[in-house]
Structures are given as structure tokens and as C-alpha cells.
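What follows is a short report on a single structure.
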Amino acid sequence: MVRPPEQKEFTELVIRELQQRSDYLTDKQIDTIYLGGGTPSLMGPAHIRSILDSIHLRFEVHPDTEITLEANPDDINAEQALMLREAGINRISLGIQSLFDEHLRLMNRRHSAGQALDATLTLKSAGFDRISLDLIYGIPGLTEEQWISTLERITELPANHLSAYHLTFEPGTRFSVWKKKGIINEIPDEESLNQYRILREMLIGRGFRHYEISNFARGGELSRHNSKYWKNTPYLGIGPSAHSFNGDERHWNPSSLKGWTHQILNGSPPEGEKLDPVMKRNEFVMTRLRTDDGINTEEFMQLFGARELEKLLNAAKPSLSRGDLLQEAGIIRFNPDSWFRSDGVMASLFAG
């Protein structure tokens, strides 16, 4: 999303793309809408309402649709929260990241820990019953005591969903540059694993369900929108960098605002790829194992055949023997303690 004064033009482009791609989904019925990427909380409520109205015009929107907006804590005040409610937003994903100012400064976040706490309470006062908080762990300098304190305070807030991600040193980021210069170092693996275990134990002990590698929910408030990704449900993405999936193909828009604008104004189709049987099979394995639902072997066989199931079960034997994977009543799932090192296990189950 973009800042004023470009909001009006951006909104018009989003609506134009919605019109161009309204036939992408065979099923016109939708029950989740997600406004994310960039800083959508900076958009005026009138522009958000226009986008939602355009969606209602072109799709059959369920009355209980989950409509999420990503927000930064410093963008939330009492007036803004009420206007977002009036615009039709009923769920907020708030990027808290940390409750220690030194860590927020390190990650170049513009809000303070106090603003993060205040924003959560403000959203609740405005009538938001669905609040998700984002946290980052594995931060250099984050002590065990600070992590425990963070989780204690987080679980006392009126939020029913939490996403927790380990800090990554992606190429080109400031952390990657600092690492090369020796300014900071990644924390040891055993420290990362300890923080992950503390995260699990504390949240589960406070009534949260650890339903996906990085996501926790209480009161049954799983992210319905993100759950669609993990179940390979078709979805339509609109805007720069947005990805779409129709069941057989994936498509993606240019990442730059300029490239995306050019695409929309010229009515050009997004780039894409068709998924072959091997890709579909591997994505099924990966997405199902990300959740506590796991792989239903009967469903797997119906989709990919008995021979592929036999291959999967043979490939899973070492991980089952180590206890990284568990098999019970026709379901293969991760031992939650092993989710933290899931990438290697998943890769061992992929077809070549």
C-alpha cells in the first residue's frame, strides 16, 4: 500500500484490477478478505470502503466474511480504529514484533513498545474482537528473561491470535549487511530452539492452540484466510507483488508499483506457471505438514494414488523412527517439538 496523496490513484488501480480479474476464481463465493502488504493501515477508510464495495460488487461475499487489515501500532488511535470498523474491517493483524524498544530500534521499527500495547487495547475498545499480534524472536540480544516477559504480557492482552516468526538474515537486508561486517551475529541454534520451546509451552499453557508452525490461536480464532493457503484453496491476489492460485496455476504481479501500474493500465496478464503433478504432490505435503492437521493418508492416496502413498510412507520412515514425525489413525503429522527444524524433514518427503 502507499501513502497519500497517491491513495486515490492506487485505489482506482486496485478496483480496475479487480474488474479485470473478477473471473479468475471459478467459485464466486468468498468468506475471507485480507488487506496486507506495505502499510494498508495508512489508507483512508473511504478508500478501504471503496475496495470492499468493489469486491462485494463482483463476488458473493458471505455475511460472516473474515476481513483482515494489517496495521502498524503507531497508525492506530481511537478515531482511526472506529473508522476502520465502520469501513467494514472486522479483524486486525497488528505488527507488534517486540515489547522492548531496543529491539524495535534494531529492527528499524518506528513504533515503541508502549504504542504496541496501547494500540491493542484501543482496537479492543473500538469493538474489534478478532485481533492478531505478530512477534519476532531470535533477535540478537533478546534474553530468555525478556522473551518470557514478552509472552507473559502478550497473553494478557485482548488478542486471540499470535504469529511468531524467527528473525531471518535475508540477502540485501540490513541484518545481512551487519552480519557480513561483524556488527551482529545470528544467535546460536540451541538458543533459537529454546526460545521456540518457551513460546510453545507458554502459549499452550495459556489456552492457545499451536495450529501451524508459526501460528497460535485461542477461542477457535484460527486465521481463516491463511488457513486457505495451507489447504491449497484457490485465491485471488490484487496489487503489487500479489500472488494468485486457481487450483492448477500460480500467478504473480510485478513487485514494483511502477511495473504493476503498467500491467494494469495495459490490461496485461500477470506472470504465471502451471503446476505439474509432482509440484502439486510436494505442495500438498508441505502445506499439510505445516499444520497440526497433518497429512491424511487416505486423502493423499485419493489425490495422488496408492503408489505415491507407498513412496511417501517409505520416505517418512527415518523421520518417524527419530520421532520428528508421528503417525496415528491414518494421519502423519509433525511432532510439535520438531516443527522448528521442519524444512529438512519436509524436503526428505518430496518427490524428485
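Every number in this text was worked out from the coordinates using simple rules, so none of it is lab data. What you see is a predicted model, and the numbers here were worked out from it, not measured in a lab. Reconstructed Cβ throughout: ideal geometry from the backbone, glycine too, with neighbour counts over all protein chains shown.
Looking at the stretch 58-129, the helices (runs of 4 or more DSSP H) lying wholly inside it that each contain 1 or more residues that are in contact with a Phe, Trp or Tyr (Cβ under 9 Å, 6 or more places away or on another chain) and closer than 30 Å to Ser22 by Cβ sit at 78-87. The test for being in contact (Cβ under 8 Å) with a residue 60 or more places away in the chain and among the polar types (S, T, N, Q) holds for Gln20.
Quick one: which residue in Arg109, Arg85, Arg91, Arg130 is surrounded by 14 or more Cβ atoms within 10 Å (Cβ to Cβ), more than 19 Å from Ala217 (Cα to Cα) and under 21 Å from the mean Cα position of the chain (by Cα)? Answer to the selection: Arg109. Quickly run through the stretch 246-282 and pick out the residues that are in contact (Cβ under 8 Å) with a residue 12 or more places away in the chain, under 18 Å from Glu9 (Cβ atoms) and either outside any helix (DSSP H, G or I) or among the basic types (Lys, Arg) (or both). Within the stretch 246-282, Asn253, Pro254, Ser256, Gly267 meet the criteria. Among the residues making up the stretch 141-162, those that are crowded, with 17+ Cβ neighbours inside 10 Å and either among the aliphatic types (A, V, I, L, M) or over 17 Å from Arg197 (Cα atoms) (or both) are Leu142, Leu151, Ile154, Leu157, Ala159, Asn160, His161, Leu162.
Of the strands (runs of 3 or more DSSP E) entirely within the stretch 141-224, those holding at least 1 residues that are of a type in the set (Asp, Glu) and either touching a residue at least 60 places away in the same chain (Cβ under 8 Å) or out of contact with any Phe, Trp or Tyr (no Cβ under 6 Å at 6 or more places or on another chain) (or both) occupy 209-212.
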